[in-house]
1. So how many Lys-Lys pairs in the chain land under 23 Å Cα to Cα, not counting same-chain pairs under 8 apart?
2. Quick check for you: with a 1.4 Å probe and neighbouring chains kept, what is the accessible area per residue of the chain, in Å²?
3. Amide H to amide H, which residues 5 or more places from Trp167 or on other chains are under 5 Å from it, using H placed in the peptide plane?
4. Assign unit charges at the C-beta atoms only (+1 for Lys and Arg, -1 for Asp and Glu), then state the dipole size of the stretch 115-176 relative to its Cα centre in Debye, rounded to the nearest 20.
5. Comparing Thr138, Thr206, Thr195, which has the greatest mean-square fluctuation in the GNM of the chain with Cα pairs linked when under 10 Å apart?
6. Pick from Ile108, Ile155, Ile44: which is most flexible by mean-square fluctuation in a GNM of the chain where alpha carbon atoms under 10 Å apart are linked?
7. Which chymotrypsin sites (Phe, Trp or Tyr not before Pro) does the stretch 81-181 hold that lie in a coil by DSSP with at most 10 other beta carbons within 10 Å?
8. Could you work out the longest stretch of the chain that avoids the trypsin sites (Lys or Arg not before Pro) located in DSSP loops with at most 16 other Cβ atoms within 10 Å?
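The values are calculated or read from the model by the stated rules, or taken from the named source; none is laboratory data. Predicted model, so just to flag it, every value in this text is computed and none were measured. A quick note on method: Cβ atoms are made from the backbone with ideal geometry, for glycine too, and the neighbour counts reach across all protein chains shown. Keep in mind that these areas ignore ligands, DNA and RNA; they rest on the heavy atoms of the full protein, side chains included. Shrake-Rupley method; radii C 1.70, N 1.55, O 1.52, S 1.80 Å.
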Amino acid sequence: MVDVPRDRFVRYRELTELLDALAGARPDLVELSEIGRSHQDRAITLATVTNSTTGPHHEKPAMWIDANIHASEHTGGTAALNLIHKLITEHGTDDAVTRVLDTRCFYIVPRMNPDGVELGLGERPRYVRSSAREWPRTDQQDGLIPEDMDGDGRILTMRVPDANGTWKAYFDDPRLLVPRDADEDGPGPYFRLLTEGSIQNFDGVTIKHAPPLAGLDMNRNYPVEWRPEGEQAGAGPYPTSEPEIRAVVQAIVDRPNICAFIQYHTMSGVHLRPYGTKNDEGLPTFDLRVFKEIGKKATELTGYPAVSVYHDFRYDPKDNIT
Ligand SMILES: [Zn+2]
């Protein structure tokens, strides 16, 4: 049985080979299909994982899982790939896995945004929020543009000595920076931070951050509560305007046996549940109880809290995260 890497991130070609190998090893459990093509014409691959000898996938209750809508959140795709691997290697030996594949189905898209991920994993990486498409403008605006200047494969943060800098070295380990106290006026040294990159049209004084050329956030391109660019940056010209989102939405609509949906992201260490824009009063009571019950189990398994986006996952109490 083919193994999947857990200690590094795989680029598109290797991901495709791994999926082919997994499906080739257990054709009775995995079926691959193309649900659409990305902006740069890469296949968006869906793995349908179920025991096909106990009934067709569309007759079983199913769970949808996708990953990598945010290009630099690589662990999501890694986790999705590992889930496919776990399901097919433990079927027949682990009772729970065997039962779940015999009676239920998983639809897994390990990389719904192959273009954006590929940019981030390139030899000279480029960070984009989600899609590689230029939006809402196609001309690069002035300012600091993050870039791998020295070709070491990384875009790092530089510390620049500055008497008015807001950062200082941590006393016990100068490799770490900590914020300077608001009224602190010591000998320093103090630093300000700058992202590695180039400045387009530098005026010699002010360094502003250039808005990203690829400014889409495909999280905001779904039809539910879609709002235009002026109200929700990165939302795209209209709901499902982006081929990746269009493909996912169509694939879900085509599979009415889907009962659950989860997206794998990276960073926050949290299980997020609806709603994003309404408090729990707006959730049907039964749904809320189910979400809480599932969340309890998720916390038990991972140690991560399970919370409502609206109540517990906002940077600004006056603003919603979407
Ligand atoms: Zn994300």
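1. Eligible lysine pairs with Cα atoms under 23 Å apart amount to 8.
2. I get 57 Å² per residue for the chain.
3. Result for Trp167 returns Arg180, Phe191.
4. Details: 9 positive and 13 negative charges, 43 e Å.
Dipole of the stretch 115-176, to the nearest 20 debye: 200 debye.
5. Among Thr138, Thr206, Thr195, the largest mean-square fluctuation in the Gaussian network model of the chain belongs to Thr206.
6. Ile155
7. Answer in residue order: Phe171.
8. The longest uninterrupted stretch comes out as 12-136.
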